[in-house]
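Here the structure comes first, spelled out in structure tokens, and everything after it is commentary.
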Amino acid sequence: MTNTVKTINPTTEEQLSEYTLLTKDEANKAVDKADEVFQTWKITHPEERAKLLSSMADVIDDNRDALVTLMIDEMGKVKEQGYQEVDLCAAICRYSAEKGPALLADEEREYEQGKALVSYRPLGVVLGIQPWNFPLYQVIRYSASNLMAGNVAVLKHAANVFGMAKKIQEMYETAGFPKGAYQSVLIDGETASELIKHPKVRGVSFTGSDGVGKKVGASAAENVKKSVLELGSNDAYVVLDDADLNVAVEACVMGRVINNGETCVSAKRFIVTEKNYDAFKESFVDAMKEIKMGDPNLDDTDLGPMAREDLRDKLHNQVTESIKAGATCLTGGEVPNRKGYFYPATVLENVQPGSPAYDDELFGPVASLIKAKDDEDAMRIANDSRYGLGGGIFSKDEDKAIKLAREIFDTGMININGYGLAHPGLPFGGVKDSGYGREHGGFGIREFVNVKAIMITQ
């Protein structure tokens, strides 16, 4: 078994770098170092932590071009979307810095024998296991909130974005965080699994597939450690009878191809009532055919390559299996004969339960069209999934859409008449096989804390 990892540019298929993996002993020592730093960091005043997070936001701003270049080179992100990701991460740091001290302040509570305080205290080392698709954002999302809370972070990043992993640690240290408060450890999945058991690891934050996430959650539970799991999804976007079809088509196309279709909370299943189905299908397919696939460095590119060859091959196999199960391919569905791990914008219809396009997450630019009888049937189909991360509703009746979103749609996040990704001020997370726990909106700052009751008899 090799102890090195090679990163490959998915556009050119050329090798970028080679990295040596840490041994299990070296990884354990990194956790020990983090715990040493924690003993001082935990008593640092939240206002001081906030100042450093604000500094981190400035460092991210200063490194915009370098960060975007890494995204393009390591995982094929379209340039404009790379800048959007960088700006979001700076905003997350600033939001956490602004809101964190108040969220962590002691609260006074009634206590018949005197007075009482509720204190939010950090737990210690929080292990992060994060994916490649948003190589900066996923890490900042987990680490900024935990560093604000007074925890320390040890990150296992995806192997194909090790360059970004090293860059993030460099930026945290440039921002003034003590060495060891944030560490990117270059390790494989087996070593990461062992770190979950490390006695000084007090929590685990995982983003990735539901299959791996269940194993991470089980291991954390077995070792009596809290976990936050942000897993995959097969998000449904529902076009009701009274929807504005122009609005729906534009948002649905963007929601399917953004980040090359490699987004856990992207739009994947498009459930359209019988009244609107034919008109929506025609416009949607036409728009998907217009998506320009090419070099992610170019300003006019809409769709770059998939991040790895194996991911492209898996997606194509899911498309093939769905067609065998009765689906019809309306556009795309062929691996192009060109250099790079490209896959075209693809639309399937007649998608049935039991096929990958209906049941599973297709992590790439493939859309599944599903016809519903009416609004009620559309919502039934939307909830007919083991996942529950995000989703969308299109309707001219805003009150009706809000009622369906609040009371019927079984997901953690819902867009009405649009498509949006993460926002620093709003909770992010799902239900069912999409995981548990929340990040952003201040909720992540309190995920890995000891909510401590202090009772003072007077």
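In sequence order, region 323-331 has phi-based couplings of 5, 4, 7, x, 6, 10, 8, 8, 6 Hz under the Karplus curve 6.51 cos²θ - 1.76 cosθ + 1.60, θ = phi - 60°, and Gly or Pro positions carry x. Averaged over residues, the count of other Cβ atoms within 10 Å places the peptides 67-76, 329-338 in the sequence 67-76, 329-338, highest first.
Expressed to the nearest 5 percent, the antiparallel share of DSSP beta bridges inside the chain is 40 percent. Compute the acute angle (0 to 90°) between the alpha-carbon long axis of helix 79-104 and the principal axis of greatest extent of the alpha-carbon atoms of the chain; round to the nearest 10°. Computed tilt is about 40 degrees. Backbone phi angles across region 16-21, fed through the Karplus curve with coefficients 6.51, -1.76 and 1.60 (θ = phi - 60°), yield HN-Hα couplings of 9, 8, 10, 10, 8, 6 Hz in residue order; Gly and Pro are listed as x. Annotation: amide H-H contacts under 5 Å for LEU155 (H modelled 1.01 Å from N, sequence separation of 5 or more, or interchain): GLY128, GLN183, SER184, VAL185.
Among the listed pairs LYS289/LYS339; LYS77/LYS197; LYS29/LYS226; LYS77/LYS226; LYS24/LYS339; LYS268/LYS292, which are separated by more than 28 Å between their Cα atoms? Beyond 28 Å between Cα atoms: LYS77/LYS197; LYS77/LYS226; LYS24/LYS339.
Can you give the FRET efficiency to the nearest 0.05 for ILE454 and GLU407, using r as the Cβ-Cβ distance and R₀ = 41 Å?
Working from the Cβ atoms, E equals 0.60.
Once the Cα-Cα distance is subtracted from the 0.36 nm per residue extended length, the TYR436 to THR328 segment shows a gain of 35.4 nm.
The mean sequence distance of close C-alpha pairs (under 8 Å, at least 6 residues apart), as a share of the length of the chain, puts its relative contact order at 20 percent. Ignoring aspartates and glutamates fewer than eight residues from LYS79 along the same chain, the ones with Cα atoms less than 12 angstrom from its Cα are ASP65, ASP295, ASP299, ASP300, ASP302.
I'd like the orientation of helix 64-75 relative to the chain: the angle between its Cα long axis and the longest Cα principal axis, in ° from 0 to 90, rounded to 10. The two axes meet at around 60 degrees.
Cα axis of helix 24-41 to longest principal axis of the chain: angle in degrees, 0 to 90, nearest 10? Approximately 60 degrees, to the nearest ten.
Of the GluC sites (Glu not before Pro) found in region 11-47, those that fall in a DSSP loop while having at most 14 other beta-carbon atoms within 10 Å are GLU13, GLU14.
No value in this document is a laboratory result; all are computed from the given coordinates. Being a predicted model, the structure only gives us computed values, none of them experimental. Quick reminder, even Gly has a Cβ in these numbers, built from the backbone with ideal geometry, and neighbours come from all protein chains shown.
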